[in-house]
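In what follows, a single structure is set out as structure tokens and then discussed.
The values are calculated or read from the model by the stated rules, or taken from the named source; none is laboratory data. Note that the coordinates shown come from a computational prediction; the quantities given were computed from them, not determined experimentally. Here Cβ is always computed from backbone atoms with ideal geometry, including for glycine, and neighbour counts include all displayed protein chains.
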Amino acid sequence: MSAAHIRLANLSDLPELTWIYNRYVTDTHITFDTDPFTVDQRRPWFERFSETGPHRLLVAEVASQPVGYASSTEFRGKPAYRPSVETTIYLHPGFVGRGIGRVLYATLLESITVEKTVHRAYGGIALPNESSVALHESLGFALAGTFREVGLKFEKYWDVSWYERDVSGRDAAQRGDTADRS
């Protein structure tokens, strides 16, 4: 595994984060965006995040270069959904399979766990994606359900499984679970 430094994102990361995301847009079914973004188009997305609070953007860097990011965003726009966040992770293709993604995602989850306003984290996984399913399950996510043929990309319909994890600490406390959650 390459050693990666995990930190809050800063605006100078945006070009590399945009490049990483665009690779998934153009080459995979992992995201349902279909057109690549310019850095300027991606800036409003970047500006949604904060240093504190439940909406975070963390970067993994190796040799001072961003190689991936994980984020937590609003799950849905209605007020009653505020205690829930949607989480996601994207890595530079050359750094997949090195353990960086697991450390990055676990760090994100730990950072939102300390937020007393967040109850649940949700991750949507376009199928098939065995590595993302394994990552989510290894970090305590459980399958909540699958939407069949919910997205159309590359002239094919794709299923999306939704995974959820308690990040309030309540579920672990009720089970008597004292193990480290990361």
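Side notes on the structure shown:
- Residue in the stretch 103-114 that is surrounded by 12 or more Cβ atoms within 10 Å (Cβ to Cβ), at pLDDT 95 or above, in contact with a helix residue (DSSP H, G or I) (Cβ under 8 Å, 6 or more places away or on another chain) and outside any strand (DSSP E or B) present: yes
- Residues that are surrounded by fewer than 15 Cβ atoms within 10 Å (Cβ to Cβ) and of a type in the set (Gly, Ala, Ser) were ranked within the stretch 70-89; the one that is modelled with the highest pLDDT is Ala80.
- Conditions (1) touching a residue at least 60 places away in the same chain (Cβ under 8 Å); (2) closer than 29 Å to Glu149 by Cβ; number of the one not met by Ala9: (2)
- Meets criteria (part of a loop (DSSP other than H, G, I, E, B), of a type in the set (S, T, N, Q), closer than 30 Å to Thr117 by Cβ and at pLDDT below 95) for Thr52: yes
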